[in-house]
Amino acid sequence: MSRFSQPLVLGSRGSALALRQSEQIAARLGAMTPGREVRIEVIRTTGDTALDAPLAQIGGKGAFTKEIEDALLDGRIDLAVHSLKDLPTTLPDGLSLAAIPRRETPHDALICARWPSLEAIPSGGVIGSSSLRRKALLTAHRPDLRVVDLRGNIDTRLGKVARGDVDGAILACAGLERLGRAGAVTERLAPEVMLSAPAQGALGIEVRADDAELQEEVAMLTCAASAAEVRAERACLAELEGGCQLPLGALARAREDGAMHIQACLCHPDGSSMLRHALEGSMGEPEALGQALGAGLIEQGARELVASLR
C-alpha cells in the first residue's frame, strides 16, 4: 500500500493559534491526496507549561519546539507545524525543514483599549510583552514607558489589556489574523519602530530527514518568495549566532523582479544602543544576502553587543 494512503500524524502545540495553523496545513495535505486522514497530535511543550518564567530562563525559542521535535525523532508523529520564528536556526540531527508556506503579515501590532496609537500613550504607561526584541525596541523608541513581561495565549493577553492590567500589549499581526482577531489591532507598528523577528508570520513544516517521500510531498506547500525571505532572515540570525537572548529584528521583502530588500536591527535590551543595516540582493541567493547583512552588523560592533548579553 502506498505511503500516501497511510494516515499522517501531525504534531502541534495545543494553543488555539497552533491548532488553527496545524488544521490549515492538515487540510491542505488532505486535499493533495483525497481520502487520506491527517490526524493532529497535541504535544505540550515547556513553553506552554512554564508560564510564570521569562522565556529566556526556560530555553527561549526551543522551549516551544523541543518536545515536538523529540516526538518527530521518536516516530510518534510524522511531521510538525511550527511558527517559524520559534524554531532555532540549527535543527537537531535527523530533522529537516521541508516547507515554508505563504507567509502572513510579518509586522507587530499594538493592542490598546484607551489610546489610538503608541505615540498617544502617556508617559508612564505600561506595555506588556514577553519578547526581548519587542521590549528593547519599545524602550529605545519610548523610554518613558514601562515594559512588563506578558505571557499566555492571545486571548489571555487581549483580556489583560481589556481589563486594564496593562495599558497596551505588542503582539504579532499574523497570529491575530489567523485567529480572526485582526479587529483587536489598534495600530500596525512600522518597521522603523518595531522591526519584526526573523521569520515572523511564517510557518515551517518539519519532517525527518530520512523520509524522502514525505519531504517531497510536503515541499509542494512551499511559497518560493516567502521561503526566500525567511531563509535570508534566519541566515542573518545564524551569522550573529543569535538565539533567545538576542533582541534582533530582521525583515526581507521579495519583489516581482527577483530582487529582495532586507533590513535588520540589533538593540541592547535596555534600549541604550542600536545597530541598523540594510541591503539589496537577489531572491535567488537568500542565505548569502542574510549572511552579508549579519556581517554588516558585525562590522558595526554586533559581536561586542552580543557578547555583553551573555
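Could you tell me whether LEU189 is within 20 Å of ILE154 (Cβ to Cβ), of a type outside the set (Val, Ile, Thr), crowded, with 19+ Cβ neighbours inside 10 Å and over 14 Å from the mean Cα position of the chain (by Cα)?
The answer is yes for LEU189.
Check ALA162, ALA120, ALA174 and return the single one that is of a type in the set (Gly, Ala, Ser) and touching a Gly at 6+ places or on another chain (Cβ under 8 Å). Lay out the reasoning, then the answer.
Numbers: ALA162 fails: touching a Gly at 6+ places or on another chain (Cβ under 8 Å); ALA120 fails: touching a Gly at 6+ places or on another chain (Cβ under 8 Å).
Every option except ALA174 fails the conditions.
Looking only at the range 13-32, count every residue that is over 12 Å from ARG178 (Cα atoms), buried (at least 16 other Cβ atoms within 10 Å of the Cβ) and not basic (Lys, Arg) and tell me the total.
4
What residue, among those in the range 27-57 that are assigned to a helix (DSSP H, G or I) and in contact with a Ser or Thr (Cβ under 9 Å, 6 or more places away or on another chain), is modelled with the lowest pLDDT? Lay out the reasoning, then the answer.
Filtering the range 27-57 for residues assigned to a helix (DSSP H, G or I) gives 27-32, 46-49, 55-57.
Checking the rest, the ones that are also in contact with a Ser or Thr (Cβ under 9 Å, 6 or more places away or on another chain) come to 47-48, 55.
On the way: GLY47: 66, ASP48: 63, LEU55: 51.
Taking the candidates together, the pick is LEU55.
Show me the strands (runs of 3 or more DSSP E) entirely contained within the range 106-162 in which 2 or more residues are in contact (Cβ under 8 Å) with a residue 12 or more places away in the chain and over 22 Å from HIS268 (Cα atoms). Full working, then the answer.
Values: elements: 108-112, 126-128, 146-148.
Those strands (runs of 3 or more DSSP E) span 108-112.
The values are calculated or read from the model by the stated rules, or taken from the named source; none is laboratory data. Note that the structure is predicted; figures quoted are calculated from it, not measured. All Cβ positions, even for glycine, are placed from backbone atoms using ideal geometry, and neighbour counts span all protein chains on display.
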